[in-house]
1. Quick one: grab the alpha carbon gyration tensor of chain A, order the square roots of its eigenvalues as a ≥ b ≥ c, and give me rounded if a/c is under 1.5, else prolate or oblate depending on whether a/b is larger than b/c.
2. Taking the Cα atoms of region B:72-145, report the difference between the largest and smallest coordinate on each principal axis, in whole Å and largest first.
3. Could you sort B:188-196, B:229-237, A:279-287 so that the peptide with the highest average Cβ count within 10 Å comes first and the rest follow in order?
4. Arrange the following residues from fewest to most other Cβ atoms within 10 Å of their Cβ: A:195, B:169.
5. Calculate how steeply helix B:220-232 sits against the longest principal axis of the alpha-carbon atoms of chain B, using the helix alpha-carbon long axis, and give the answer as 0 to 90 degrees to the nearest 10.
6. Quote the FRET efficiency, to the nearest 0.05, computed for residue A:32 versus residue A:332 with a Förster distance R0 of 22 Å and r equal to the Cβ-Cβ distance.
7. Express in whole angstrom the spacing between the alpha-carbon centres of region B:255-269 and region A:55-132.
8. Quick one: Debye curve from the C-alpha atoms of the protein assembly as shown, no solvent, what's log10 I(q)/I(0) at q = 0.05, 0.10 Å⁻¹?
C-alpha cells in the first residue's frame with residue numbers, strides 16, 4: 001500500500017483499470033436501456049470532470065460548456081457522416097470523429113479561453129452565456145451544414161461483428177463512453193496533481209502572487225480552458241454517437257446550467273464529485289418522469305410538468321447545496337470520513353476557492 | 001435612406017429598452033459586485049404576472065402596475081430569502097445561486113403556463129406616423145421613450161437628490177463606514193434588488209410583446225443584450241450603460257435590417273468578445289487601479 005500512497009501515477013492508473021473492469025462487468029448485468037443511461041453518464045462525466053477542474057482549480061466559471069459539448073457533437077456528426085459516405089467502417093468510424101470532436105472543441109475553447117484569460121468572473125460567465133444563447137442562431141444561419149433547428153442525424157455502425165452477431169449496440173457504446181470517461185478522469189487527476197495543477201491553484205488564489213512566482217497567469221488560464229473544452233468536446237461527441245442525432249434544442253442554456261449543477265452538487269473542484277453530479281444528471285430526470293407516470297395528470301398538465309419538473313428540482317437542489325453545503329456532496333463525504341486528505345494536491349482539491357474562509361483549518365494545510 | 005432612418009428609430013427604441021434592463025444589472029452590481037444572472041428570469045416572472053393580470057382585467061395598465069409592484073416584491077424577497085444567506089466572501093457562490101434561481105423560475109413558469117409563446121397586448125399601435133413619405137415614430141415608440149425616460153430621470157433624481165438615494169450610494173461604496181454612520185446597509189441592498197427587479201420587469205414588458213410574446217425563455221436573449229450594454233458601459237456606470245444600450249440597439253437593428261437572416265445573437269456575441277478583448281473595463285473606463 002505504501003507504494004500506491006507515494007506513487008500518484010501508479011495509484012491513478014490502478015484505480016482507472018479497476019474502474020474500467022468493474023464498469024465493463026457492470027454492462028453485462030444491465031439491460032439495454034440502463035446501458036444507454038450508463039453511456040450518458042459517461043458522456044456527462046467527460047464534460048463535468050473538465051468543468052469541475054476549470055471552475056474549482058482555476059476559478060473560471062463557464063456557462064458555455066453545453067456549447068462546447070454541442071461543438072463536439074456537431075463535429076462528430078459531420079465527420080462520422082463524411083466517413084460513412086466514403087465507406088469507412090469499424091473502429092475508425094468511432095475514433096476519428098471523436099478525435100475531431102476533441103480537437104474542434106479545444107480550438108473553440110482556446111478562442112474563448114483567450115478572452116477569458118483577461119477577464120474576471122462575471123465577464124467570462126456572461127461571455128459563455130452569450131455563446132450558448134447564440135447556438136440556435138448559429139445552426140440556422142449555416143443550416144446547409146448544420147441542419148438548422150432539426151439538427152443532424154449521425155451515422156453509427158452496429159457493434160463490431162467480432163463481439164458476436166447479437167451484441168447490443170447500447171452495451172458497446174457504454175464501453176466506449178466508460179472508457180472515455182475513465183481516460184478523462186485519469187488524465188485530469190494526474191493534471192491536478194502535477195506542476196500545472198499547482199499553477200492553476202496558485203492563479204486561482206492570487207494572480208499577482210502567482211505571477212511573482214514566475215507562473216504565466218494568462219497561459220495557465222488558457223490552457224486550463226482548452227483542456228476543459230477538449231473533455232467537453234469528447235463528451236459531446238459520445239452523446240452524438242449514442243443518441244445518433246444532434247440538434248440545437250439539446251444544448252440549451254438549461255443544459256449548460258445542468259452541467260454547472262452537476263459540478264456544484266458533487267463539490268466544485270472534486271473529480272469524484274463530478275461522478276456524483278453526472279449520476280444525478282441522468283438519474284433525476286429519469287426519476288421525475290417515472291414519478292409522473294405513476295401519478296394521474298391531465299394530458300396538458302403532464303406535458304407542462306414533463307421536463308419542467310426536473311428543471312425545478314435541479315434548480316432547488318443547486319440553491320440548497322450552495323446555501324447549506326457549498327463544498328457539495330464530496331465535501332460532506334470528507335467531513336463524514338472525518339479526515340483531511342494527506343497529499344498536498346488532494347488537499348488543495350478539497351478546498352473550494354470561494355469557501356476557503358469558511359474552512360480556516362483546510363486553508364492552513366493547503367498553504368503547506 | 002428611408003430604410004436607414006426607419007432602422008435608426010427602431011434601433012433607438014430597442015436600445016433604450018436594453019439600456020433600462022442594463023440599468024437593473026448596474027443597480028445590483030454597484031451594491032454587491034454581483035452580475036445578477038437571474039435578472040432575465042425574474043423579468044420573465046413579472047412578465048407573466050402582467051400577462052395574467054391583463055387577461056383577467058382586460059386592462060394593459062393594470063398588468064403594467066402589477067409587473068412593477070410584483071417586481072418590487074420579487075426582488076426584495078429574493079434578496080432577503082436567498083442572496084443574503086450566501087457567504088459574501090464567495091463570489092462564484094452568489095453567481096451559482098442566481099443560476100439556480102434561473103432554473104427554478106423558468107421551471108415554475110413552464111409548469112404554470114407551458115412552454116409555448118403567448119401573444120401579449122400592446123397599449124398603443126405600432127403603425128408609425130409619417131412625415132411626408134417617411135415613416136418615423138409609432139405611438140408605441142413614443143410610449144417606450146416616455147417610460148424609459150421616466151425610469152432614468154426617476155433613478156437619477158432618487159440617487160442624487162434624496163436621502164434614501166444617498167444612503168444607497170453610501171451603502172454600495174463604503175458598506176462598513178455607512179454601517180458605523182447608522183445606515184441600514186442590508187435594507188439598502190434589499191431596496192436595490194427590489195428596484196432592479198421592477199426596472200428589469202418593466203423593460204421586459206416593453207420589449208417582449210413586440211417580439212414573439214411571453215415564454216419562460218423569452219428574456220434570455222434580452223438579458224444577453226442588456227449585459228452587453230452594461231459591459232460596454234463598464235458594468236458600473238449608469239450613463240455608460242445607456243450609451244451601451246443605444247449602441248447595441250442600433251447595431252442589431254442595422255444588421256437584422258440589412259441581412260436576410262436573423263443573426264442578432266451571433267452579432268451580439270461578436271460585439272461582446274470584441275469589447276471584452278479590447279476594453280475589458282468598458283469603452284468609457286479610465287485606467288483602473290489594480291487591487292492587490
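1. Rounded is the answer for chain A, as its axis ratio a/c remains below 1.5.
2. Here the spans come out as 61, 31, 21 Å, largest first.
3. For the peptides B:188-196, B:229-237, A:279-287, the packing ranking is B:229-237, B:188-196, A:279-287.
4. Sorted ascending by nearby Cβ count, the order is A:195, B:169.
5. 70
6. 0.05
7. Each part's Cα centre sits 24 Å from the other's.
8. -0.24, -0.95
Readers should treat all values here as calculations from the given coordinates under stated rules, not as data from a laboratory. This structure is a prediction, so every number in the text was calculated from the model and none was measured. Glycine gets a Cβ as well: all are built from the backbone with ideal geometry, and neighbour counts include every protein chain shown.
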